[in-house]
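These notes concern the structure reproduced below.
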Amino acid sequence: MEALIPVINKLQDVFNTVGADIIQLPQIAVVGTQSSGKSSVLESLVGKDLLPRGTGIVTRRPLILQLVHVDPEDRRKTCEENDPNAWKNGRLYKGVDGEEWGKFLHTKHKIYTNFDEIRQEIENETERISGNNKGISDEPIQLKIFSPHVVNLTLVDLPGITKVPVGDQPKDIELQIRELILKYISNPNCIILAVTAANTDMATSEALKVAREVDPDGRRTLAVVTKLDLMDAGTDAMDVLMGRVIPVKLGLIGVVNRSQLDINNKKNVADSIRDEHAFLQKKYPSLAARNGTKYLARTLNRLLMHHIRDCLPELKTRINVLAAQYQSLLSSYGEPVEDMSSTLLQLITKFATEYCNTIEGTAKYIETTELCGGARICYIFHETFGRTLESVDSLGGLTTIDVLTAIRNATGPRPALFVPEVSFELLVKRQVKRLEEPSLRCVELVHEEMQRIIQHCSNYSTQELLRFPKLHDAIVEVVTSLLRKRLPVTNEMVHNLVAIELAYINTKHPDFADACGLMNNNIEEQRRNRMRELPSAVPRDKSVLPTEQPPGEGDGPMVCRGKMAGGAQGEQEGGTGTWRGMLKKGEEGQGEDKMKAQSPQKGHAVNLLDVRVPVARKLSAREQRDCEVIERLIKSYFLIVRKNIQDSVPKAVMQFLVNHVKDSLQSELVGQLYKPALLEDLLTESEDMAQRRNEAADMLKALQKASQVIAEIRETHLW
Ligand code: GDP
Ligand code: MG
């Protein structure tokens, strides 16, 4: 198996680079009937006397024998890991030849350098679990052999197939052993050595039978014929070895192991192999080259090589993928800084560009998990802010009593004929003022988002920035303070937008006039309906309303200020749909009620009315109508203003915050950071980053070397 060592060693380097266990060599398991020579075959493959062998049932537990290749230099490390004092105490150099040692799983850190001791421990451990009376157990003994002369390979020695229970063996011993064997050999990554003694009938080989069950195509079964030396006089294994009795795809290999006598005489492996060679030359000269333990080892070598070859393309792909990953990782870390000032300028520019791009939606890195940047600002404007404004009720916080009180307060000492305009202005302003708070909140939200974009840019877009934590912090600081500086300006502007609305209640606003017109028509209609019911009320009512105002001037604010608005005027305006017309319409309607309810008490009823506590009482019909009119007007005007605010606040935020920051970001950053005195400090690389870059570079180098190693192996070693 030593031929594999250089290849495996080279590959090991590759494994170490790309992560262990890329190529797992197949396990090799021996199957066969009891005493057919399985343990002997394994042992001669390993080249060490370490397994208990003998007549009768000897192997009574599976033995998982892991061969571990160690570099002489690595040995110290491996040993110390297992037993910190082993090296110091020179324990490694005691025993057989000092450079090979074994360890059992069940004895933990104990190191065996004497292979006789190992064999003894196997026997003890077998007895411990399976008893001393031929019992078997499926619990494996695990043994690792560390040596510079082996490849990393796992061999499995199994109890032999037996038919008749003896000793402590259960009745179904045959079944139990079969199941135990199948458990190991059904692993597709297991090469099966089907061992049959030459002095038994090959055609009825139990070993081949059980192997065929899990490997019907014979792709991983190698037949081994033992005890060629023990054939009856006058018979030979010619036919068997030629594959004439049973063909085995991967081959039939005859071997001669040490006999019981040899074992008793402590014949060593080397002598045994020499004698085997002599025997084959004498008995089967034509087949000698293709039989024997050495040839078996070579064949296994070849099988393992094939396996390695099959794994190489995948390994190569894996290396290439990793190399590409590390390459891009490395380039994301950036080159070491050469020209500081240009690097600084580049980074600043890159950040500023990314920042603007994130707002514009043209960033390289598009976030998919949540809205960010410009899209989020848009969301804030139209969803968050828009929705909030829409939810502001035009009459929110105003009760009918509030309205009534406002009307009466605006009327002053005299009982009013018309609904006073002042009350409308007063109330509508109060409602408009309520738009200011959500507008300022909108500014705040956009400001927060702009702040978040900084993080976004430094996290995703300008990864290089992470190399220079100080520069990163400085940039964040500059942008943050720029944003902070813009906040009061923008707030002021938004505050002004609301103030502007409050400054002048434009009752001539076309939408307002339209809305009034529409409502007037409704009221007019109601009035007419009422008139039809009370035909006499109209003329008297009309006569009550003074007509001092010259026609023409009627729709100006003067009309109302006097509280003596002309009824006729009102009617006319009502027709043209101004809001003032509406106020009067309301008045007119109330006139009827006055006729009905108040006329009899005219003159002295005013006092009584004023004395009453407004909260608890029921409104008179006139009052109710007054309120209704005012409320409708407020609602209509409020909607106009709300629409304005909904439209103008985002514009103001864009102009005074977003666009301003976008436009001045680059120059602000350059102005504050691009200073010769700061260069050195800002461009101090984080230790972490320098180290990561080195690691990535090393890894890349190792991968490139690994790729080269694979190419070499494929060309030279295998074929
Ligand atoms: P296992 O039960 O299949 O593991 O068989 P072992 O390896 O324990 O061998 C059983 C007995 O057969 C031992 O006494 C071996 O010495 C003996 N033996 C194994 N192979 C040969 C062989 O090729 N020639 C001779 N003469 N004896 C062998
Ligand atoms: Mg055995």
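One table, with the values for the structure above:
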quantity: Value of Rg/Rh across region 137-250 [Cα atoms, Kirkwood radius]; calculated: 1.00
quantity: Under 13 Å, Cβ to Cβ, from residue 265 - net charge with Lys/Arg +1 and Asp/Glu -1; calculated: -1
quantity: Region 359-460: relative contact order in percent, alpha carbon pairs under 8 Å with at least 6 residues between; calculated: 37
quantity: Too-long pairs where the Cα-Cα distance tops 18 Å, listed order kept, from 364/470; 227/283; 364/485; 350/470; calculated: 364/470; 364/485
quantity: At most 13 other Cβ within 10 Å, DSSP loop - trypsin sites (Lys or Arg not before Pro), region 342-451; calculated: 364
quantity: Separation between Cα centres of region 480-503 and region 131-197, rounded to whole Å; calculated: 85
quantity: 5 angstrom amide H check on residue 106, placed H, neighbours 5+ away; calculated: 142
quantity: Packing-based order for 56-65, 307-316, using average beta carbon neighbours within 10 Å, highest first; calculated: 56-65, 307-316
quantity: Magnitude of the charge dipole, region 389-441, Cβ model with Lys/Arg +1 and Asp/Glu -1, debye to 20; calculated: 200
quantity: ³J(HN,Hα), Karplus 6.51/-1.76/1.60, whole Hz, each residue of region 180-194, x for Gly, Pro; calculated: 4, 5, 4, 4, 7, 7, 6, 4, x, 9, 10, 8, 9, 9, 8
quantity: Using θ = phi - 60° and Karplus 6.51 cos²θ - 1.76 cosθ + 1.60, couplings along region 673-685 (whole Hz; Gly, Pro as x); calculated: 10, 7, 10, x, 5, 8, 2, 3, 5, 4, 8, 6, 7
quantity: Leading residue at positive end of dipole, region 342-450 (Cβ point charges), from 368, 397, 420; calculated: 420
quantity: Residue pairs, from the table 110/144; 433/618; 508/635; 429/508, whose Cα atoms sit over 20 Å apart; calculated: 433/618
quantity: Simple Cβ-charge dipole of region 138-221, Lys/Arg +1 and Asp/Glu -1, about Cα centre, in debye nearest 20; calculated: 240
quantity: Under 5 Å, built H, 5+ apart or other chain: amide partners of residue 34; calculated: 161
quantity: J(HN,Hα) series, region 335-349, from Karplus relation 6.51 cos²θ - 1.76 cosθ + 1.60, nearest Hz, glycine and proline x; calculated: 6, x, 5, 10, 9, 4, 5, 6, 4, 4, 4, 4, 5, 4, 4
quantity: Charge dipole (region 246-362, unit charges on Cβ, about Cα centre) - positive-most of 305, 248, 348; calculated: 248
quantity: Ratio Rg/Rh, restricted to region 219-353 and using Cα atoms, in which Rh is the Kirkwood radius; calculated: 1.50
quantity: Of every Cα-Cα pair in region 195-287, the percent that sits beyond 19 Å; calculated: 44
quantity: Net dipole in debye of region 449-493 [+1 Lys, Arg Cβ; -1 Asp, Glu Cβ; about Cα centre; nearest 20]; calculated: 60
quantity: Ranked by how many other beta carbons lie within 10 Å on average, peptides 103-109, 319-325, 620-626 from highest; calculated: 620-626, 319-325, 103-109
quantity: Under-5 Å amide H pairs with residue 28, H placed in peptide plane, nonlocal only; calculated: 154, 155, 156, 191
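Here, each number is a calculation from the coordinates, and none is a lab measurement. Small disclaimer: the values here were computed from a predicted structure and weren't measured. Virtual Cβ from ideal backbone geometry, glycine too; neighbours counted across all protein chains shown.
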